[in-house]
Amino acid sequence: MLRLKNIFKTYYPGEPNQQKALAGINLDLKQGDFLTIIGSNGAGKSTLLNIIAGDIEPDSGSVIFHGKDITRRPAHRRAGFIGRVFQDPLAGTAAEMSVAENLALAKVRGQKRRLNRAIKKESRTEFAGILKTLGLGLENRLDESVGLLSGGQRQALTLLMAVLGSPQILLLDEYIAALDPSTAEQIISLTGKIVSQKGLTVFMVTHDLRQALKTGTRTIMMDRGEIILDIEAEKRKTLTVADLLERFARLRGRELTDDRILLQAR
Amino acid sequence: MLVNMLTGSLEQGLAYALMALGVFLTFRVLNFPDLTVDGSFPLGAAVSARLIIAGTHPLLAMLTAIILGVMAGLLTGFLHTRLKIAGLLAGIITMTALYSINLRVMGRSNLPLLRQNSLLTIVQDLGFSRMAATLLSFFLIVILIKILFDFFLHTELGLALRATGNNPRMITSLGVAPQKMIILGLGLANGLAALSGALVAQYQGFADIGMGIGMIIVGLASVIIGESIIRNKRIVWATKGVIIGSIVYRFLISSALRLGFSPTDLKLVTAILVIIPLARPRRGWLEGIKKIAMKEKEAG
C-alpha cells in the first residue's frame, strides 16, 4: 500500500552543519500494518514521518501510495489519506475554536471546503457519539474552546480528528511523550481500538522500547538515517529491551546512548 | 449638541464599521497584519466617486468599489504567498501602489460629490430626512454584511480560514493550503474596506487622496475598543463588538474635538488610543516600583 524506495535526505547540504537525516530508506507496508519506530535523537524518525506526510521532500527516492508516485505532492494534498498526531499536544487542534468546530474541520479532511454551514444538527449528534468513546466527558463540552482543555484531552481530541474523514494511514510522532502516564495509557489503548476497527496502516515513533515491542505488528530501529533492525510480528514477542540494546551495540559497534530511551528502558 | 454628537458618531461609526470588520478578519481571524487597508479604503472612495460623477448608479458604483478592493487584497496575498514577501511589507507595497492608482482614478487629489446622486439621495427620495436616510441605509448595510460575515465564518470554508489563523500546521494536515486561505481572507477584508470607503465618500460628499492615511490604526482601534466592551470571543459577538467599537471610536474622536483638540491632532489621539490597550509593560515593573518604594521607606 505504501512503499518508500531508497529515500535520501540531507539537511543543509554543503554547509558546515550538514546533517544526513535519511540514507537509503526502503520500506513496504501493507494495509493494516502497525509499524513502531525506535531510535535515538537524530536517527531520522521524524524526518521519515515528515516525508510520508509531505512536509519535506526527499533529495532522492520515491514515495509510492497504492502504486502512485506521490513524492512531490504537497502535504495538504495528501491529507485525504493521511491522519496525523503531533508530539506537541497543542499542535493538532485550533485552540480558539470549539471542540465541535475542530471536529468539523477534520470531518471534511482532504475534501473541497464549501460554503455550507459546517456544523449541522446531525453532525453535533455524530460528534457527541465519537467523543463519548473517549470517556472524558467531552461530549458535553462541544461548544467550549479547545484552549480550555488539558493537554491530554487535546491529544485525545487530536487522535479522534486524525482518524475522522477516513484516512488510510495514521502517523503518530511520539504523540504521548508529553502526557502523564495514566493519560498516555488511556490514549494508547484507544489508539489500538480505533486502529483495528478501521484497519489503518500506522507509523508510530516512540522513545519507549518496551511499548514499541508491545504495540503494533512490526518494529524498526533506526540509527543515523538507516534502518538497522526490522523485526516482524512473531519474533518481537520473545525479544526484550535488553536484547534490543545488545543487538544495537553489536550492529553499530557502539552503545546506544540516549538518555530518554535508557531511562525508560530501566 | 450631545444628540448631534451621538448621531454623528453613529453615522460615521457604521460607515467605518465595515472597514473595521475587514481589519478584524485579517488581524484577528487570520492573524495576518495587513496594511493594504490604507490603500483599499480610499480606492473604494475614489472608484465610487468617479463612477457616480460619470453617471453610474450608486449601487453599481459601490459594487465596483468592492470588486476592486478585493483585487487589491488579492494582490497583497499574491505578493506574500507566491512571491514570499513578508506580510507587513506586502501590504505596504500594495498600499503605496494604490496611492498612484487612486490619484489616477480621481484625476486629482480631491473629488467632490456635490449635487450628485448617491445612496443617500436615493433613500432620501423615498421620503426620509438626510439623517434618517443615512442611519437607515448604513444600518441595513452593516447588519446585512454582519450576517453574511458571521455566516461565512461558520461555513466549511470559513472554519478553514479561521483555523489557518489559529494553527496553520494543523489545517495543512487536514488538507487545506493555508496560503489559499490567506489570499481569500485578504481579498474579503479589502473588499469590505473599499465598500466602507465608498460609503464614507458618499456620506461626507467627497473622495480625498489622504482619507486612507492611518486607516489601519482606526480599524485596529475599533477592534480593540470592541473587544474591551464585548468580551465574548464567539464570532457573532466579536463582530458585534467591532461594530460597536467603531461607533464608540467615533464618539471618542468627536469628544476629543470638543475638548479642544484640533482635527489635525486626531491621528495622534488615535495612536494613543491604540497604544494604551495594546501595551504590555515588562512583567513586574509595578512590583519593581513597589520594591524601590519599600527600600526607601526602610532606609528612611
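The values are calculated or read from the model by the stated rules, or taken from the named source; none is laboratory data. If you're wondering where the values come from, they're calculated on a predicted model, not measured in any experiment. Every residue, glycine among them, receives a Cβ derived from its backbone with ideal geometry; neighbour counts consider all protein chains shown. SASA here: full protein model, heavy atoms, side chains in, ligands and nucleic acids out. Shrake-Rupley method; radii C 1.70, N 1.55, O 1.52, S 1.80 Å.
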Pairs with Cβ under 6 Å, 6+ apart, first in region A:9-21 and surrounded by 14 or more Cβ atoms within 10 Å (Cβ to Cβ), second polar (S, T, N, Q) and in a loop (DSSP other than H, G, I, E, B): none
Test result for A:Glu232, open to solvent by 10 Å² or more (accessible area, probe 1.4 Å) and over 28 Å from A:Gln111 (Cα atoms): yes
Sole residue being within 17 Å of the chain's Cα centre (by Cα), among the aliphatic types (A, V, I, L, M) and either assigned to a helix (DSSP H, G or I) or facing chain A (nearest Cβ under 9 Å) (or both), chosen from B:Leu159, B:Leu192: B:Leu192
Members of region B:212-248 found to be part of a loop (DSSP other than H, G, I, E, B), among the polar types (S, T, N, Q) and open to solvent by less than 40 Å² (accessible area, probe 1.4 Å), listed by number: none
Filtered residues of region A:84-109 (kept if closer than 30 Å to A:His207 by Cβ, facing chain B (nearest Cβ under 7 Å) and either charged (D, E, K, R) or out of contact with any helix residue (DSSP H, G or I) (no Cβ under 7 Å at 6 or more places or on another chain) (or both)): A:Arg84, A:Arg109
Test set (1) within 11 Å of chain B (Cβ to nearest Cβ); (2) touching a residue at least 40 places away in the same chain (Cβ under 8 Å); (3) under 19 Å from B:Val29 (Cα atoms) - A:Arg113 fails condition number: (2)
Residue under evaluation B:Asn232, criteria (1) closer than 21 Å to B:Phe152 by Cα; (2) at pLDDT 95 or above; (3) out of contact with any helix residue (DSSP H, G or I) (no Cβ under 6 Å at 6 or more places or on another chain), criterion not met: (2)
Per-region count, region A:153-201, residues among the hydrophobic types (A, V, I, L, M, F, W, C) and under 14 Å from A:Gly83 (Cα atoms): 15
Selection count where residues are within 13 Å of another protein chain (Cβ to nearest Cβ), surrounded by 18 or more Cβ atoms within 10 Å (Cβ to Cβ) and assigned to a loop (DSSP other than H, G, I, E, B), scope region A:57-83: 3
Lone qualifier among A:Ala128, A:Ala178 - being in contact with a Pro (Cβ under 6 Å, 6 or more places away or on another chain), more than 14 Å from chain B (Cβ to nearest Cβ) and not acidic (Asp, Glu): A:Ala178
Residues satisfying the stated conditions in region A:225-236, i.e. at pLDDT 90 or above and either among the charged types (D, E, K, R) or within 20 Å of A:Ala53 (Cβ to Cβ) (or both): A:Gly225, A:Glu226, A:Ile227, A:Asp230
